[in-house]
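Read the structure below first, then the notes.
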Amino acid sequence: MKKGTSIKVKTAITTVVFMGILTAAIAVIGYKLYHDSVMERYVDYTETVLEYSYRTAEKYSFGDMIAQRSMPEDYEKLRADLNEIKDSSDIEYLYAMYFEDTDRLDGLCYAINAKTREELNSGKPLSEIYTYMGAPVEEGAFEEETLEILRRAVADGKRENGTLEGYSEWYGHMLNGYRVMFDSSGKPAGLICVEIDINRINSGVHRYIRMVILTASVLTALIVIIYLLNTRRYLIGPVERIAESSDQFVRQMQSGTEPEKLVFKDPEVKSKGELKLLADNVRSLAEGVSSYMINLKTVTAERERIGTELELARKIQADMLPNIFPAFPGRSDFDIYATMTPAKEVGGDFYDFFLIDDDHLCMVMGDVSGKGVPAALYMMMSKIIINNFAVQGNSPARVLELTNDLICQNNDDEVFVTLWIGVLEMSTGRVVSANAGHEYPVLRNAGGEFELLKTRHDFVLGGLEGMTYQEHEFKLEKGAALFLYTDGIPEAINVKDEAFGTGRLLEALNSNASADPRTLIANVKKAVDDFVGDAEQFDDMTMLVMKLFDN
Amino acid sequence: MEIEKNTSGKTMTMSLIGRIDTSASERLKDELLAGCETYNKVILDLGRTEYISSAGLRALLTAHKAMGRRGGISIVNVQEDVMEVFRVTGFCNILSFG
């Protein structure tokens, strides 16, 4: 499953990073505060011891001793007192120094050096333990910066305690407290110093930081675990389950599972709130999709069934019109050809031709108003009725009258039918025709051109009961041709909404006027197809050509 | 197709503008039937009618039959194209042209 980094891992990482940053911040801030606070205490302590040592030294007029570079009787008493101070304090060094020349940094000498009992009892001779007045201070005992500060203090006669953090290679990190000692005349003589080792601070601070980090790590781990467990239960778990369920469902869909078999696994989100809403909605969607697909399947099947039925109906319709050509192979005096192309699967146009007797050919061309199944049903009915009345020997006008009354009877839908009917007496070439609202037929006499035969139009069939119809007679010479059609031909429209029209129809016929019926119809069809181009066929198109031969 | 109506007394004149195709004829039939119920005389002005389909003819026929006893529908200002359709379908023998 290509999910990328899972939501669980991302959450864990984010939490750890965040806690890490938090811990670092705490550690740094804590360190600073602790360090500063501890330092302050140390400084206070140093100054206290320094103050005390200073008072003690003053008691013995130590300033004079330094100024005179002498170690009188009181020097040892002073030292003993200072030793006691060092003994009872937690300091590293307690000593005094002076500059030979207060304008120079070199020439720094010790004045006195206090020692603890322990240091005194180390077994070495006292002369090696103590440093006496005048002993030079070792090179590198102090950094130059430190020396400078001390020198200035003496030179300027600084009266207050001073503290310095210093670092030297020998002694490491030291906190240095110093106080200028004055002689009896008030001149600065030297410095008394107290030093404590603040490397201890560092180790104290390090211990603190280790504690903080350890505690923070444990807490972080605990929090991460608890948070993960919690979100897993209330957030990640449900989200993962919803993702899983919907993923499974979609895969089923994509792999073409039957809609009835599609299953959406319940993500089981118990908590209320957005996740429950999401889970419920996703489930609803899945169920909606399933039922839609099932419905679609049913509808499609139904549509296919109807399509099949319509196709069958189309076949029946097509077979009902005489469609075997040549239609009268035994006859050499005439030829006839016809086609019907419905706009939808079934249509309302029809044609018919049949021999009433050996000498009389009846031709019919009709158009039921409308298209599709309703028109098709009326079409079947009309064709049969007309055929029926015609073979009984009724005249064309009579056929129309009888047919009209019959169609009007059950005609709630107000369907009407346009119709042209003609009976040809082949021995004479006489045609008796009647027209119920149908297109003008097209006639060509031998050697001539196709022209519209503008005869009288009576009203359409199925409109009003009791209509009467007139007949029209005309003569066909040998070699003449008669072209019948429905309005689907002249009213065919192209994409520019232009109609084909009777003008173009005559053109197409006359392009090869003496051709046989099949070719004439093919020419007209091609002309219409070319004209219409990509536009959809709007109406049924039907054509019939009857040609008398020259024998 | 647009329909403009003008009434004066018991007579209504309906002007049909545009093409009376299959979709418009349903509306035409309803309007005509409503008009026939309310008024004694209905005049159809086809001065601006470009085309009428067989569905349109059907609508006219229905209205004509409904109006039958009272004198039917009168058609005026028919354009040549539409007149040809009336001629070919034989409607010109049925409808009254004023």
Subject >> Theoretical ellipticity at 222 nm over chain A - DSSP helices of four or more residues, -39500 (n - 2.57) apiece, nearest 500 >> reply: -16000 deg cm²/dmol
Original post:
Taking +1 at the Cβ of each Lys and Arg and -1 at the Cβ of each Asp and Glu, which of A:505, B:8, A:225 sits farthest along the dipole of the protein assembly as shown towards its positive end, judged by Cα position relative to the Cα centre?
Top reply: B:8
Original post:
Using a simple spin-label model with points 7 Å from Cα along the Cα→Cβ vector, what separation in nm is obtained for residue A:314 and residue A:44?
Top reply: 10.7 nm
**OP:** Report the local net charge at residue A:197: Lys and Arg +1, Asp and Glu -1, summed over other residues whose C-beta lies under 15 Å from its C-beta.
**Re:** -3
**OP:** Assuming a ≥ b ≥ c are the square roots of the Cα gyration tensor eigenvalues, decide whether chain A counts as rounded (a/c under 1.5), prolate (otherwise, with a/b larger than b/c) or oblate.
**Re:** prolate
Subject >> Shielding score for A:485-495, defined as the mean number of other chain Cβ atoms within 10 Å >> reply: 1
Subject >> For region A:92-182, with +1 on Lys and Arg beta carbons and -1 on Asp and Glu, the positive-most of A:109, A:153, A:121 along the dipole >> reply: A:121
**OP:** Kindly rank A:286-292, A:122-128 from highest to lowest mean number of other beta carbons found within 10 Å of each residue.
**Re:** A:286-292, A:122-128
**OP:** Can you tell me the order of A:294-306, B:47-59 when each peptide is scored by its average per-residue count of other Cβ atoms within 10 angstrom, highest first?
**Re:** B:47-59, A:294-306
**OP:** Determine which residues of region B:14-32 fall in the zone a paramagnetic label at residue B:7 would reach in this model, i.e. backbone nitrogen under 16 Å from the point 7 Å along Cα→Cβ.
**Re:** B:14-15, B:31-32
Original post:
To the nearest 0.05, what FRET efficiency results for residue A:18 and residue A:59 with a Förster distance of 51 Å applied to their C-beta separation?
Top reply: 0.25
Original post:
Between region A:195-262 and region A:269-328, what is the C-alpha centre distance in whole Å?
Top reply: 49 Å
Original post:
What's the extension gain from residue A:247 to residue A:167 if we count 0.36 nm per residue and subtract their Cα-Cα distance?
Top reply: 22.0 nm
Original post:
Exposure proxy check: A:49, A:250 ranked by fewest other beta carbons within 10 Å?
Top reply: A:250, A:49
Subject >> Residue order, fewest to most surrounding Cβ atoms within 10 angstrom, among A:272, A:315 >> reply: A:272, A:315
**OP:** Name the long-range amide H neighbours of residue A:327: under 5 Å, sequence gap of 5 or more, or other chain; modelled H, no Pro or chain starts.
**Re:** A:336
Original post:
At residue A:126 and residue A:218, where each label point lies 7 Å from the Cα along Cα→Cβ, what is the point-to-point distance in nanometres?
Top reply: 5.5 nm
Original post:
Suppose R0 equals 56 Å; then what is the FRET efficiency for residue A:272 and residue A:32 from their Cβ-Cβ distance, rounded to the nearest 0.05?
Top reply: 0.75
**OP:** In vacuum, with every alpha carbon of region A:1-146 counted as one equal point scatterer, what does the Debye formula give for log10 I(q)/I(0) at q = 0.09, 0.17 Å⁻¹? Two decimals, please.
**Re:** -0.48, -1.06
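Rank these for me by crowding, A:206, A:438, A:360, A:457, going from fewest to most other beta carbons within 10 Å.
Working: A:206 11, A:438 27, A:360 16, A:457 24.
In increasing order of surrounding Cβ atoms, one gets A:206, A:360, A:457, A:438.
Using the Cα centre of chain A as the reference point, and only Cβ charges (+1 on K/R, -1 on D/E), how large is the resulting charge dipole? Debye, rounded to the nearest 20.
I would put it at about 1420 debye.
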Original post:
What is the extension gain from residue A:297 to residue A:84, computed as 0.36 nm multiplied by their sequence separation minus the C-alpha to C-alpha distance, in nm to one decimal?
Top reply: 66.0 nm
Subject >> 10 Å Cβ neighbours from other chains, averaged over peptide A:464-474 >> reply: 1
Subject >> Share antiparallel - DSSP beta bridges, chain B, percent rounded to 5 >> reply: 35 percent
**OP:** Ignore the peptide's own chain and count Cβ atoms of other chains within 10 Å of each Cβ in B:85-97; give me the average, rounded.
**Re:** 5
Original post:
Each residue of region A:151-167 in order: what ³J(HN,Hα) in whole Hz does its phi give by Karplus 6.51 cos²θ - 1.76 cosθ + 1.60, θ = phi - 60°, with x for Gly and Pro?
Top reply: 4, 4, 3, 5, 4, 7, x, 4, 9, 9, 5, x, 10, 9, 8, x, 9
**OP:** Kindly state, to the nearest 0.05, the FRET efficiency for residue A:387 paired with residue B:84, given R0 = 30 Å and r defined as their beta-carbon distance.
**Re:** 0.50
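Values quoted throughout were computed directly from the atomic coordinates according to the rules given, and no laboratory measurement underlies them. Note that the structure is a prediction, hence the values are computed from the model and not measured. Positions of Cβ are generated from backbone atoms using ideal geometry, with glycine treated the same way; all protein chains shown enter the neighbour counts.
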